[in-house]
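Engineer: The structure under discussion is supplied below as structure tokens; questions concerning it will follow.
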Amino acid sequence: MSTLRGRGRVEGLPEWDRCAVMGVVNVTPDSFSDGGHWFDTTAAVKHGLELVAEGADLVDVGGESTRPGAPRVDEAEELRRVLPVVRGLVSEGVSVSVDTMRASVAEQSLTAGAVLVNDVSGGLADPAMVPVVAAANAPFVVMHWRGFSEGMNQRAVYADVVGEVLTELRQRVEAVVEGGVAPERVLVDPGLGFAKQAGHDLALVAHLDRLRELGRPLLVAASRKRFLGRVLAGQDASPPPARERDAATAAVTTLAASAGAWGVRVHEVRASADAVRVVRAVEAAR
Ligand code: PMM
């Protein structure tokens, strides 16, 4: 697949001649602590800068865990976690994406200099989200989502996962555009692991080319997810812990970049940054 046909461009974001790498900074108590309830802005900003040094093109800052079964964090706490980190990274010249389902967090992060809103609910969780993104003329990630983390696994029922994700994503893109977000600023994301079993995630990764039918740049976020744990463990063994899934994540980065994804969202940047460069070099040699 040619790079031009494959990747697309997002109005309002820098352009790369390869798949972009988005590094993840989760500002949640379990992310930067010694296992207890301690975490701070400085550590999160430092981590974001390390990701940039390792080759991240953007840094995605989030203050709410979306793992299956995770309870929601309240708005004040999410703002308290996210905003200082967004400010700190922006002041260092980093392109910051904000990972939030709340319009208030998106709005204040954009004011602080974030360049992209990454809403795992695709604008469904907070009715104020689409108007805020539209008013700010900000780029917006529309992810496939069927509801909050609590109860997510019960919604992982599909007859044809690729077809249904395509249909549901198309509807969300239409709704978001109807709500005033410029179509050139919309990215799509299959939402791996969100209301999906391992087989569903694998089918989506196998058919990323079909998701390109939506005509919008594609973000793929497989990093450390359960389906990779399942693949690595095989049928009977218990899956390796999340931190031991980074090589598998880089493998998906290679697949995604080869399938023409616009970007990948990863916790460990170095291997994916290398992978997207290899894919670019190979494409150039075709
Ligand atoms: N997954 C998580 C968080 N944010 N954003 C997008 N666009 N796509 C995703 O699949 C996605 C996301 C959950 O992963 P983490 O909590 O391990 O970072």
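Engineer: Among GLY263, GLY123, GLY180, determine the one that fluctuates most according to a GNM of the chain built with springs between C-alpha atoms less than 10 Å apart.
Structural biologist: GLY180
Engineer: Where does each of MET101, MET129 land when they are ranked from fewest to most other beta-carbon atoms within 10 angstrom? Spell out each step's value before the answer.
Structural biologist: Working: MET101 24, MET129 27.
Ascending number of Cβ neighbours within 10 Å: MET101, MET129.
Engineer: So what's the back-of-envelope 222 nm ellipticity for the chain, counting only DSSP H runs of four-plus at -39500 (n - 2.57) apiece and dividing by all residues, rounded to 500?
Structural biologist: -12500 deg cm²/dmol
Engineer: Hey, what did the chain get for relative contact order, percent, Cα under 8 Å, at least 6 apart? Please report the intermediate quantities before stating the final value.
Structural biologist: Numbers: 573 pairs, mean separation 62.5, N = 286.
Relative contact order comes out at 22 percent.
Engineer: Right, another one. Taking K and R as +1 and D and E as -1, what net charge do the other residues with C-beta under 15 Å from the C-beta of GLY151 add up to? Kindly include the intermediate steps, with their values, before the conclusion.
Structural biologist: Numbers: positive: ARG67, ARG72, ARG146, ARG155, LYS196; negative: GLU150.
My count for the surroundings of GLY151 gives +4.
Engineer: Right, next: Quick one: among ALA271, ALA261, ALA106, which has the greatest mean-square fluctuation in a GNM of the chain with alpha-carbon springs under 10 angstrom?
Structural biologist: ALA271
Engineer: Continuing with this model, one more query. Cβ under 12 Å from ARG277's Cβ, ARG277 left aside: what net charge do those residues give with Lys, Arg +1 and Asp, Glu -1?
Structural biologist: -1
Engineer: Calculate the radius of gyration of the Cα atoms of the chain to one decimal place, then report Dmax, the largest Cα-Cα distance, as a whole number, both in Å.
Structural biologist: 17.5, 51
Engineer: Given a cut-off of under 8 Å on Cα pairs at least six residues apart, what relative contact order in percent is computed for the range 224-286?
Structural biologist: Values: 47 pairs, mean separation 17.5, N = 63.
Relative contact order comes out at 28 percent.
Engineer: Go ahead and set up a Gaussian network model of the chain, Cα springs under 10 Å, then flag whichever of GLN154, GLN197, GLN108 fluctuates most.
Structural biologist: Of the options given, GLN154 has the highest mean-square fluctuation.
Engineer: Let me ask another. Report the net charge of residues surrounding HIS200, where surrounding means a beta-carbon distance below 15 angstrom and charges are Lys +1, Arg +1, Asp -1, Glu -1.
Structural biologist: Neighbourhood net charge equals +2.
Engineer: Sticking with this one: For the range 87-194, what class follows from the C-alpha gyration tensor (a ≥ b ≥ c being the square roots of its eigenvalues): rounded when a/c is under 1.5, otherwise prolate if a/b is larger than b/c, else oblate?
Structural biologist: Taking the square roots of the gyration eigenvalues as a ≥ b ≥ c, the range 87-194 is prolate.
Engineer: Counting other beta carbons within 10 Å of each Cβ, put ARG102, ARG270 in order, fewest first. Each step should come with its number before you reach the end.
Structural biologist: Values: ARG102 26, ARG270 18.
Placing the least packed residue first, the sequence is ARG270, ARG102.
Taken together, the values in this text are just the output of simple stated rules run on the coordinates, not laboratory data. Because the structure is predicted, anything quoted here is derived from the model rather than measured. Using ideal geometry, Cβ is built from the backbone for each residue, glycine included, and neighbour counts are taken over all protein chains shown.
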